[in-house]
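Please read the structure below before turning to the comments.
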Amino acid sequence: MKKILFKSGLVALTAISVISCKKGSENVEISKPLLIVGQSISDTILPKLDGSGNAIPLKGTMLAGKTYHIKADVTINQGDTLYIQPGVTVLIEGDGQSAKTSPTIYVNGSLVSDGSKTAQNWFTVMETSTVKKSNPTYKDDAANDPAFKGYWGGFQCGPNASLLLLRWSHVEYTGSTWGENAKDYGAKSGDAKFTIFMNSTGAQKGSLIVEDSWFYGSKDDGIRPNNIYMSIMRNTFSKMGGTGGEATNIKDGVYGDMAYNLTYGIATNGLKTSGDIGKPMVVNIYNNTVVNCGFRQTKATRNGSINTETNAGGFIYNNIIVNCKAGLRISYASEKGKPSDTLNTMYNNNLTAIGRGNAMGGAEQYMVFIEPNQFTQKQSYDLNGYVNGPVASNGTNAGTNTANDSLKYDPMFVNYDMAAMSLERNYRVNQIPAGADFHLKSNSPAIGAGVFATGTGKNAYPKKASAPSLTQYGFPMKVVAQGGTFGANMSAPNKDLGAFPTDNSGNQHTY
């Protein structure tokens, strides 16, 4: 037995190999070894209780092929690790009616869900006669769609949590309410829990690594961290936030990268970064595809695709935004936010396309390429229908959106009709259509329009010598551990825009 040293202690690594030979052949096939951290968890009804009826903290390894039932809150203690082999299903027995009847996974140590492309892991609610799951018929019905019921509490990380890593994992139906322990997590009793909350207040920042995973259905924000290092790569987010909320809402003290994610039908923004007064943060946002976002949030100043606010900086490149309430916003002001960190922000080579330039009816806002009177301007290699106006003394830009440029910047996805999906109320659909394909057709303007490591001219990597944070952290950052079971598998910026480049190196999901 080989021993490896991990952050949370000494753990055992057991390799289980399967060898098969064909008669008359010299070929030998060896399966990928399965890792065991600590003791195997054979009990499938969790949590186990001690003699006094108290829940026993969870640690060790959930085993491939098993289905585990979570019937009440489970906790991973500081210094302990819960490792989940590929091909595990975790059914949470929650109803969304109260904190006590809607279990939460509390991570004070480390949790690693190590799914694979061929053996994915699942964290979902157990369906019953009264707890119903969503289905494709719920396209725009936040009041009744079970996706927004908040059946369980997601992953709530304590101040000294070391690592939360989700790989090839499905996370569904989160957002149950907080109870008596709300203040320990910066919330109030009755607030909806975020799908993932992580806020390091200890001596070391924790790490959040989320890659190749699916997030479906939440009452509020999906990923909501503070004071950590992170890598969020190649994921799919849909039906996040009932009447408000983002797929990712990244807060002060966070450094890292968000890339190759598809966000579809999100209440407010697909991707948002926001620091605080005196508390900066820098996150690179590149090669994402953001579709049909912003229309369940009725407040006018919350934007609707990619949004940066108070003291937030980073490189923002190679993104595609389609049929959203508004394109990229580098904020000067909003209902909650104050100015972004424009010194430590660079952006260009982004495509924003809207189905039409007219009002969408009723109280709905226009779809716009860029919201005027913010810091955002159309950059030299952007593809959108915004015309820059005069720059005010405070740095804001009073430009105009060209209605006749509706449809002009269609990225030409393989199977998503931008024009058809803007008609009537199709732009509000939050269910990814079956068979949708966000790869690029051969004549797409997004092909070859991105910055990449060896690019020159319009494709050259951005640099800003006057920006200390951008210079210090780089593009991409790679601030979390790289490679292996406990590290990130990062994807660098691509010559094509969006999450699904033509070399198939980005997001691997099909719909």
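Table for the structure above
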{"read-out": "Within the stretch 275-511, percent of DSSP bridges classed antiparallel, to nearest 5", "value": "30"}
{"read-out": "Karplus-derived 3J(HN,Hα), 6.51/-1.76/1.60, for each residue of the stretch 225-242, Hz, glycine and proline x", "value": "x, 9, 6, 9, 9, 8, 9, 10, 10, 6, 9, 10, 10, 9, 6, 9, x, x"}
{"read-out": "Whole-Hz couplings from phi, Karplus 6.51/-1.76/1.60, listed for the stretch 471-478; x for Gly and Pro", "value": "5, 5, 9, x, 8, x, 7, 6"}
{"read-out": "Under the Karplus curve 6.51 cos²θ - 1.76 cosθ + 1.60, θ = phi - 60°, whole-Hz ³J(HN,Hα) for the stretch 324-338, x wherever Gly or Pro sits", "value": "9, 4, 8, x, 3, 10, 9, 6, 8, 7, 8, 4, 10, x, 10"}
{"read-out": "Simple spin-label estimate for Gln39 and Ala398 in nanometres, 7 Å along Cα-Cβ", "value": "7.1"}
{"read-out": "The stretch 275-511, Rg to Rh (Cα coordinates; Rh as Kirkwood inverse mean 1/r)", "value": "0.95"}
{"read-out": "Modelled FRET efficiency - R0 22 Å, Asn181 with Thr201, Cβ distances, 0.05 increments", "value": "0.90"}
{"read-out": "Qualifying trypsin sites (Lys or Arg not before Pro) in the stretch 151-200, DSSP loop, other Cβ atoms within 10 Å at most 16", "value": "Lys188"}
{"read-out": "Cβ-based exposure ranking for Glu211, Glu127, Glu93, in which fewest neighbours within 10 Å come first", "value": "Glu127, Glu93, Glu211"}
{"read-out": "Sorted by Cβ density within 10 Å, fewest first, the residues Ser393, Ser116", "value": "Ser393, Ser116"}
{"read-out": "Value in Å of the Kirkwood radius, where the stretch 369-492 supplies the Cα pairs that are averaged", "value": "18.3"}
{"read-out": "Label corresponding to Rg/Rh (Cα atoms, Kirkwood Rh) when calculated from the structure given, among (1) 0.97; (2) 1.12; (3) 1.02", "value": "(1)"}
{"read-out": "The stretch 147-254 - share of DSSP beta bridges that are antiparallel (%, nearest 5)", "value": "5"}
{"read-out": "Relative contact order, percent, the chain [alpha-carbon distance under 8 Å, six or more residues apart]", "value": "9"}
{"read-out": "Exposure proxy ranking, count of Cβ atoms within 10 Å, fewest first, for Lys66, Lys272, Lys59", "value": "Lys66, Lys59, Lys272"}
{"read-out": "The chain - share of DSSP beta bridges that are antiparallel (%, nearest 5)", "value": "15"}
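Taken together, the values in this text are just the output of simple stated rules run on the coordinates, not laboratory data. Just so it is clear, the structure is predicted and the values come from calculations on it, not from any experiment. Please note: Cβ atoms are built from the backbone with ideal geometry, for glycine as well, and neighbour counts cover all protein chains shown.
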